[in-house]
Amino acid sequence: MAKEKVRHLSGILASVFAHAGHITKEEAKEISGLADHEFETAYDKASNIAENVLQHEGDKMDKFLEHFAKEIDQYMAHYGGKMFK
């Protein structure tokens, strides 16, 4: 189960790179190793993150890290808390 959660987070991260134009959507899917329907979920989440980052006026990397950290925390909640306590 933990491996799948990491794979999903990897899919989100790779998809953010795709939304930013650094790689293709197909390359992001390949990197993630996710099935089609699972990848689409990750890609949609990355779309929301990218949109929020691009609308942000300040440091975009800080905003990206803030949003990605929220995704990590959501997945880690299954294990009773955050990744780093």
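The values are calculated or read from the model by the stated rules, or taken from the named source; none is laboratory data. Computed from a predicted structure; not experimentally measured. Counting neighbours? That spans all protein chains shown, and the Cβs are built from the backbone with ideal geometry, glycine included. Remember, those area values only see protein heavy atoms, side chains included, never the ligands or the DNA or RNA. Shrake-Rupley method; radii C 1.70, N 1.55, O 1.52, S 1.80 Å.
Details
- Formal net charge of residues neighbouring residue 64 (Cβ-Cβ distance under 12 Å; K, R +1; D, E -1): -2
- Taking a Cβ cut-off of under 15 Å around residue 51, the surrounding Lys, Arg, Asp and Glu residues balance to a net charge of 0, with basic ones at +1 and acidic ones at -1.
- Qualifying aspartates and glutamates (Cα of each under 15 Å from Cα of residue 45; at least 8 residues distant if same chain): 36, 66, 71, 73
- Lys/Arg +1, Asp/Glu -1 at C-beta; the chain dipole; positive extreme among 52, 35, 6: 6
- Percent accessible area from carbon and sulfur atoms, the chain, protein chains only, probe 1.4 Å: 57
- On full extension, the segment bounded by residue 59 and residue 27 gains 8.8 nm, given 0.36 nm per residue less the C-alpha separation.
- Each helix, a run of at least 4 DSSP H residues, gives -39500 (n - 2.57); summed and divided by the residues of the chain, these come to -24500 deg cm²/dmol at 222 nm.
- Gain on full stretching of the segment that runs from residue 20 to residue 3 - 0.36 nm per residue minus C-alpha separation: 3.5 nm
- Sites matching GluC sites (Glu not before Pro) across the stretch 16-85 that sit in DSSP coil, with at most 16 neighbouring C-beta atoms within 10 Å: 57
- Modelled FRET efficiency - R0 25 Å, residue 35 with residue 77, Cβ distances, 0.05 increments: 0.65
- Taking 0.36 nm per residue of separation and subtracting the current Cα-Cα distance, fully stretching the chain between residue 69 and residue 10 would add 20.0 nm.
- Counting only Cβ charges, +1 for Lys and Arg and -1 for Asp and Glu, the dipole size of the chain around its Cα centre is about 380 debye.
- With kT/(6 pi eta Rh) evaluated at 4 °C and eta = 1.567 mPa s, and Rh the Kirkwood radius from Cα pairs, the chain diffuses with a coefficient of 99 µm²/s according to Stokes-Einstein.
- Over the chain, accessible surface divided per residue gives 66 Å², non-protein components excluded, 1.4 Å probe.
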